[in-house]
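The values are calculated or read from the model by the stated rules, or taken from the named source; none is laboratory data. What you are looking at is a predicted structure, and each value in this text was computed from that prediction instead of being measured. Virtual Cβ from ideal backbone geometry, glycine too; neighbours counted across all protein chains shown. Note: areas computed on protein heavy atoms with side chains; ligands, DNA, RNA excluded. Shrake-Rupley method; radii C 1.70, N 1.55, O 1.52, S 1.80 Å.
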Amino acid sequence: MIIRTEKPDEWDRYMCDVVGAMRAEAPDAGAAHYRVDERPFRFRIVKGEGERLIASGYRIDTRESLDILAERLIAAGHPISWGSDTDAELRGVSAFFSVADPAEHGLEFYCGDSVAETNFVSPIGVKGFVTGELGLGHAVFAAPDFEASYKFYHDLIGFHATDLPRFRFLDTPDDPGIPFAFLHADNGRHHSIAFGQVWSMPAGCIHLMLEMTSLEDVKDCYARMEKYGVEESASIGKHTNDKVTSFYMKTPSGFDLEIGFDGLVIDPANWKPTAHDVPSEWGHEWAWQKAMAQNAD
């Protein structure tokens, strides 16, 4: 994840003291790297004007497949930009290119990978994060033109449908629901990317998700959120589709970070898409829902 911010110090405290990520050395001035596993970094925080998720990165198995994807995107009218050798080395990859989705969210696709010379050790004792073959977690975007986004991610990139719900957030008879798409890669994570038919978000993202290896670590992170005065976006709850137990909190850039545990691991080759109509089995009371209830009172 590459994030541009005017608040690098806030991000540093957030990543290390609240989330439990490990600082890593960034080779260039004005940037900071943070680890949650064996990779050299998973979050790159760059000082700059405005708050924005610049790009989320996705690994392609081979250079041949990366080239084929690049050609397919160009042929479909989506300009790409190949990264320089220097930028590839900075990311710890062999090669990558950048592209924007129909809602102008930045993406990077890469091949080749690397591991850090030292083990991941959380500065505050987080036992670990679920990554490896499941990838880092997931990103959720706004898709004002839902059909265009679905064609881009599903038909063109090649993500697969996991859950295609219409979520009813208002719980009223006249609520038509909002279409969402939860898409998986060729691994067991329930979804690596998702998007809903809502207006674009100023910071370029609705939320990112990290999965911890223990429920105790999620509870401890929730307590640190309160300790450091981080704004809660949604209380602890359990999602209907991916079964993760999680909570949401604001990042310094304004979008949310979901911290979860025990997400559903699917069989990607044999999964049949589902269609839920409510996002959570229990909990996940959103801040805006609480505000509405208070105003009603």
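Observations on the structure shown:
- A139 falls short of the stated requirement of being in a helix (DSSP H, G or I) and either hydroxyl-bearing (S, T, Y) or open to solvent by less than 50 Å² (accessible area, probe 1.4 Å) (or both).
- Answer residue from region 246-297, given it is open to solvent by 20 Å² or more (accessible area, probe 1.4 Å), closer than 15 Å to I206 by Cβ and in a loop (DSSP other than H, G, I, E, B) and is modelled with the lowest pLDDT among those: P279
- Some residue of region 127-136 being in contact with a strand residue (DSSP E or B) (Cβ under 9 Å, 6 or more places away or on another chain), open to solvent by 50 Å² or more (accessible area, probe 1.4 Å), of a type in the set (S, T, Y) and not in a strand (DSSP E or B): no
- For region 15-38, the condition of being free of Cβ contacts under 8 Å to residues at least 24 places away in the same chain, open to solvent by 40 Å² or more (accessible area, probe 1.4 Å) and over 29 Å from K127 (Cβ atoms) holds for at least one residue.
- Among all residues of region 206-225, there is none that is surrounded by 19 or more Cβ atoms within 10 Å (Cβ to Cβ) and of a type in the set (G, A, S).
- Sole residue being of a type in the set (D, E, K, R), outside any strand (DSSP E or B), modelled with pLDDT of 95 or more and surrounded by fewer than 19 Cβ atoms within 10 Å (Cβ to Cβ), chosen from K243, K238: K243
- Any hit, region 178-193, residues being surrounded by fewer than 18 Cβ atoms within 10 Å (Cβ to Cβ), modelled with pLDDT under 95, at negative phi and in a strand (DSSP E or B): yes
- Of all positions in region 202-214, none carries a residue that is within 27 Å of A100 (Cα to Cα), part of a strand (DSSP E or B) and without any contact (Cβ under 8 Å) to a residue 60 or more places away in the chain.
- Test: P8 is touching a Lys or Arg at 6+ places or on another chain (Cβ under 6 Å) and over 28 Å from L183 (Cβ atoms): yes
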